[in-house]
Amino acid sequence: MRPDGTDLTLLSETVAGYPFGAWSPDGSRVAFLSGSFGEGALLVIDADGSGEAHVTDIQARAPDWSPDGTKLVFEAVEGGIYSVGADGSGLKELALDGSGPAWSPDGARIAFFSDDAGNFDVYVMRSDGADPERLTSDPADDVSPGWSADGKRIAFVSERDGNTDLYVADLDGSHERRLTTSPAPDEAFSWAPGGDRITYVSYRHGAEPENIGIGDAEVFVVDARTGETRNLSRNRAWDGDPDWSPDGRWIVFTRRTDHAEIYVMRPDGSRQEMLPGFPDDAVNDCCARWQP
């Protein structure tokens, strides 16, 4: 749909339960999974709904595009991280163990997390799988790495302080810094295009990550330099799934009451608006992602 919620178009009826599609860097295609929630065969489809094609039948999770749009990296359900051409060619195993692969903005490296050393830590390897390096080494779990737009920093979620908080570090693991300090979980983050801010979901008002849509979750923003945080959504509903517009002027998110709807707001939390979508139907609309 358009950013104002109009021209809603069904792209594919093949998707079965997994809400997150991944836009190609040029915005012309969408990669998605067909299968049970969170995993399935990897497919791509053109943004107008044409050209749907299987990329691989390997049961996959968490696909991510290479910056040039020629390849996809994904986590295999049965283990390992793979890359494959967007046309299905050149399938290659990059790591025997790992989850949540994320391609660097320059296409040279892939970040992921793995429990190869006994607990989950964040790693970085070359895009061909060579030279894996351990970025974090805390006894607690460090997961879900995400690159800043300039590729110089990686944010991740860590349990080292007793619950999930956001951390950020340089590519060599130096200048590691805790960004959030709430006694409740903070997770599910999204970098701003400028690399100066990060939106995330905070459960400090009583909601629990395991019960999506229940309780009062909020969308917060944190300054990646100072650690200053701010509640943006400020609503008793469950607010989550934040994603920045490419120009950094808007944030799209999900608001769940008795069902979920797509909302947008400004980066300061103002001008919160529900997008039309299916406003007259008590069905769940969620998990929106901006076209690049």
Tell me, please, whether a residue that is aromatic (Phe, Trp, Tyr), modelled with pLDDT of 90 or more and open to solvent by 50 Å² or more (accessible area, probe 1.4 Å) can be found in the stretch 20-41.
-> yes
Considering the stretch 164-204 alone, what residues qualify as being in contact with a Leu (Cβ under 8 Å, 6 or more places away or on another chain), open to solvent by less than 10 Å² (accessible area, probe 1.4 Å) and not in a strand (DSSP E or B)?
-> Leu179, Thr180
Flagged in the stretch 241-253 as touching a strand residue (DSSP E or B) at 6+ places or on another chain (Cβ under 8 Å) and either of a type in the set (D, E, K, R) or modelled with pLDDT under 95 (or both), in numbering order, are Asp241, Asp243
Among the numbered criteria (1) open to solvent by 50 Å² or more (accessible area, probe 1.4 Å); (2) at pLDDT 95 or above, which single criterion is violated by Val143?
-> (1)
When the residues of the stretch 101-140 are filtered to those that are touching a Phe, Trp or Tyr at 6+ places or on another chain (Cβ under 7 Å), closer than 19 Å to Gly80 by Cβ and aliphatic (A, V, I, L, M), which remaining residue is surrounded by the most Cβ atoms within 10 Å (Cβ to Cβ)?
-> Val122
Scanning the stretch 134-191 residue by residue, the ones that are of a type in the set (A, V, I, L, M, F, W, C) and within 17 Å of the chain's Cα centre (by Cα) total 12
State all residues of the stretch 128-144 that are closer than 15 Å to Asp116 by Cα, among the hydrophobic types (A, V, I, L, M, F, W, C) and assigned to a loop (DSSP other than H, G, I, E, B); if no residue qualifies, say none.
-> Leu135, Ala140
Out of curiosity, is Glu159 open to solvent by 40 Å² or more (accessible area, probe 1.4 Å) and under 22 Å from Ala288 (Cβ atoms)?
-> no
Find the strands (runs of 3 or more DSSP E) located wholly in the stretch 1-95 whose residues include 1 or more that are among the aromatic types (Phe, Trp, Tyr), and list them.
-> 29-34, 53-65, 71-76, 81-85
Qualifying position, being more than 21 Å from Ala60 (Cα to Cα) and among the charged types (D, E, K, R), among Asp87, Asp116, Asp141, Asp97 = Asp141
Among (1) hydrophobic (A, V, I, L, M, F, W, C); (2) out of contact with any Asp or Glu (no Cβ under 6 Å at 6 or more places or on another chain); (3) not in a loop (DSSP other than H, G, I, E, B), Val219 falls short only on (2)
So which of Ala260, Ala224, Ala207 ends up being in contact with a Lys or Arg (Cβ under 8 Å, 6 or more places away or on another chain), small (Gly, Ala, Ser) and open to solvent by less than 20 Å² (accessible area, probe 1.4 Å)?
-> Ala224
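The values are calculated or read from the model by the stated rules, or taken from the named source; none is laboratory data. This structure is a prediction, so every number in the text was calculated from the model and none was measured. Cβ: placed from backbone, ideal geometry, glycine included. Neighbour counts: every protein chain shown. For the accessible areas, the whole protein counts, side chains as well, though only heavy atoms, and no ligand, DNA or RNA atoms are used. Shrake-Rupley method; radii C 1.70, N 1.55, O 1.52, S 1.80 Å.
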